[in-house]
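Written out below as structure tokens is the structure these notes cover.
The values are calculated or read from the model by the stated rules, or taken from the named source; none is laboratory data. Note that the coordinates shown come from a computational prediction; the quantities given were computed from them, not determined experimentally. All Cβ positions, even for glycine, are placed from backbone atoms using ideal geometry, and neighbour counts span all protein chains on display. The protein model used for the area step is the full one, side chains on, heavy atoms only, and it has no ligands, DNA or RNA in it. Shrake-Rupley method; radii C 1.70, N 1.55, O 1.52, S 1.80 Å.
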Amino acid sequence: MNDLNSPQTAVICRICGESTVHLFLDLGRMPIANAFLSSEQLSQPEYTFWLKAGFCESCLMVQLVEVVDPNMLFHEHYAYFSSISRVMDEHFTQLATIIGEEILYDERLPVVEIGANDGILLQKLTEYTPNTIGIEPSANVAAVAREKGLHVVSEFFNMDLAASLCAEHGPAQLVVGANVLCHIPDLNSLARALEALLDAEGVFIFEDPYLLDIMTQLAYDQIYDEHVYYFCVTSLNRLFEKHGLRIFRIEHIPVHGGSMRVYGCRSVSSHPVEPSVTGQIALEGERGLESLETYLALAERVQRSRISLTELLQELQADGARVVGYAASSKGTVILNYCGIGSQMLEYVCDNTPSKQGLFTPGTHIPIVPIDQFAADYPDYAFVLAWNHLNEIASKEQAFRAQGGKFITHIPTARIE
Ligand code: DWN
Ligand code: SAH
């Protein structure tokens with residue numbers, strides 16, 4: 001293993017600018033997680049980058065070291081459609097209810113959603129206010145949202161867009177974004193844009209995978225090109241405070257394997273900081289999120305996890321079992337490539353997203369097929385590559401289990417369910 005902490009590997013932090021980022025995890029060269037391939041593309045070279053994570057000792061931000069240009073990830077075609085999960089649909093219904101009943105305060109002021117995708121949340125917000133604007137740079141998913149009658153701007157959220165939205169529609173009473181903040185490389189600019197767009201009493205709400213859950217569950221497959229940052233409340237609050245913003249409430253939520261919902265506002269706002277924030281920051285200190293040793297220990301557990309997963313799959317293969325992958329998730333791209341799992345081990349990966357079907361997994365070239373194919377001839381084992389949806393998938397696939405099929409999951413350790 002290369003020495004991840006040799007002086008030559010000290011890296012400049014994207015957030016605080018100090019040369020105090022220590023590399024702690026090297027997952028190797030990796031294709032773009034959502035760059036599924038057509039059969040014609042299989043013989044062409046794939047774009048890859050070095051997937052390494054670092055921890056900044058100065059501002060505590062955990063971050064990717066090499067960042068892929070967002071224009072390559074979120075442009076004409078984006079593979080992920082948020083409305084694909086029933087559980088996520090219910091989750092966003094609950095979020096919209098909280099927003100409608102507790103947060104909105106002036107119907108003349110707009111609500112802006114960043115990363116609106118196919119409109120799953122925005123549509124629910126329109127039940128509480130007609131004044132909603134979605135920001136979604138990926139043209140194909142934005143088009144789906146527009147077909148629902150939603151107002152969606154197909155651009156990246158940045159300072160220029162914030163200024164023009166504010167000039168045209170007035171300051172925002174709410175800016176909300178789920179699983180998008182951690183996707184934005186220049187978070188200092190993002191915070192400045194947020195501050196410029198928010199009304200004096202306006203609120204922002206962001207949900208992102210929570211670093212403490214990633215560590216506890218060993219969910220290292222959350223680390224991929226789109227996720228530039230892995231937030232804890234401490235690091236995020238420090239970032240916001242540099243830009244005239246602050247977090248006043250946090251909620252720990254179960255989605256995507258454990259996420260953090262942060263509520264924030266401009267520093268000048270009257271929202272008092274609630275005990276949930278100070279309590280969580282104290283907990284993060286107790287759990288060692290300020291110490292490099294914690295991250296180095298994680299990296300060792302990741303290596304052991306890879307070994308236990310590949311051993312399990314090799315044993316099943318040696319026994320002649322039929323094993324397939326279930327759900328062509330972004331996380332799956334990381335696991336398959338990092339663990340060297342290809343079509344020699346998985347017959348196919350089934351997925352319910354029509355636009356992924358008929359394509360092949362990035363880097364590992366496993367065919368992606370519709371769920372019907374799974375149901376038509378059940379294998380012995382289904383390795384769940386969207387382990388965060390295991391309950392939803394298991395409840396849909398009761399017939400698979402009833403006839404003796406078993407699920408394999410690798411979070412937190414490889415096991416048969
Ligand atoms: O942050 C992100 C999250 C919100 O979504 C993005 N960067 C990209 C994406 O991550 P992901 O691809 O890992 O998402 P999921 O939600 O863990 O995986 C969804 C995949 O699983 C889809 O391809 C659909 C598939 N799926 C399925 O085939 N049957 C999902 C469910 C629930 C199912 O029942
Ligand atoms: N909010 C949805 C989608 C998350 S996937 C959900 O939680 O399911 C991330 C989305 O953010 C993608 O649709 C992507 O196109 C969008 N995105 C990425 N960078 C962005 C930016 N700078 N501004 C606005 N949206 C962005």
Sum of side-chain charges, Leu211 neighbourhood, beta-carbon under 11 Å (Lys, Arg +1; Asp, Glu -1) = -2
message = Can you give me the % of accessible surface on the range 201-299 that is carbon or sulfur? Probe 1.4 Å, all protein chains present, nothing else counted.
response = 57
remark   = Classified through the alpha carbon gyration tensor (a ≥ b ≥ c as square roots of its eigenvalues; rounded if a/c is under 1.5, else prolate when a/b is larger than b/c, else oblate), the range 277-330 comes out prolate
message = Considering only C-alpha atoms, what is the centroid distance from the range 227-297 to the range 310-365, in Å?
response = 34
task = Take the Cβ-Cβ distance between Tyr105 and Arg29 as r, set R0 to 41 Å, and report the resulting FRET efficiency rounded to the nearest 0.05.
result = 0.25
remark   = When every protein chain stays in place and a 1.4 Å probe is rolled, Phe231, Phe360 sorted by accessible area with the largest first are Phe360, Phe231
query = Under the Karplus relation 6.51 cos²θ - 1.76 cosθ + 1.60, θ = phi - 60°, what is the ordered set of whole-Hz ³J(HN,Hα) values for the range 374-382, x standing for Gly and Pro?
reply = 5, 5, 6, 7, 4, x, 7, 9, 10
task = Could you pull out every one of the lysines with an alpha carbon less than 20 Å from that of Lys406, ignoring same-chain neighbours closer than 8 positions?
result = Lys396
task = Once you have the Cα-Cα distance between Arg401 and Thr413, take 0.36 nm times their residue separation minus that, and quote the gain in nm to one decimal.
result = 2.2 nm
request  = Set Lys and Arg Cβ to +1 and Asp and Glu Cβ to -1, take the dipole of the chain about its Cα centre, and tell me which of Val233, Leu104, Ser82 lies farthest positive.
outcome  = Val233
task = Keeping every protein chain in place, order His77, His410, His243 by accessible area at 1.4 Å, biggest value first, i.e. largest first.
result = His77, His243, His410
ask   = What is the Cα convex hull volume of the range 100-235 when expressed per residue in Å³?
value = 122
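Which value, in Å², gives the accessible area per residue of the range 182-228 when a 1.4 Å probe is used on the protein heavy atoms?
Accessible area per residue: 19 Å².
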remark   = Quick note, the range 330-403: a/c under 1.5 would make it rounded; otherwise a/b > b/c is prolate and the rest oblate (a ≥ b ≥ c, C-alpha gyration tensor); here it is prolate
key: Long-range HN-HN contacts of Asp225 with modeled amide H, under 5 Å   = Ala33
ask   = Just checking the chain: which Cys have no other cysteine's beta-carbon under 4.7 Å?
value = Cys166, Cys182, Cys232, Cys265, Cys339, Cys350
message = Kirkwood Rh and Cα-based Rg: tell me the resulting Rg over Rh for the chain, rounded to two decimals.
response = 0.96
query = Accessible area per residue of the range 1-145 at 1.4 Å probe, in Å²?
reply = 43
message = On a straight-distance basis, which aspartates and glutamates could pair with Lys356 in a cross-link, Cα separation under 19 angstrom, same-chain partners fewer than 8 positions away excluded?
response = Glu40, Glu46, Glu76, Asp118, Asp225, Glu226, Glu347, Asp372
Residues with amide H under 5 Å from that of Tyr210, placed H, sequence gap 5 or more = Ser259, Met260
ask   = If amide H atoms are built 1.01 Å from N in the plane of the peptide, which residues on other chains or at least 5 residues away come under 5 Å of the amide H of Val369?
value = Val349, Cys350, Asp351, Gly358
Probe 1.4 Å - accessible area at Val144, Å² to nearest ten = 40
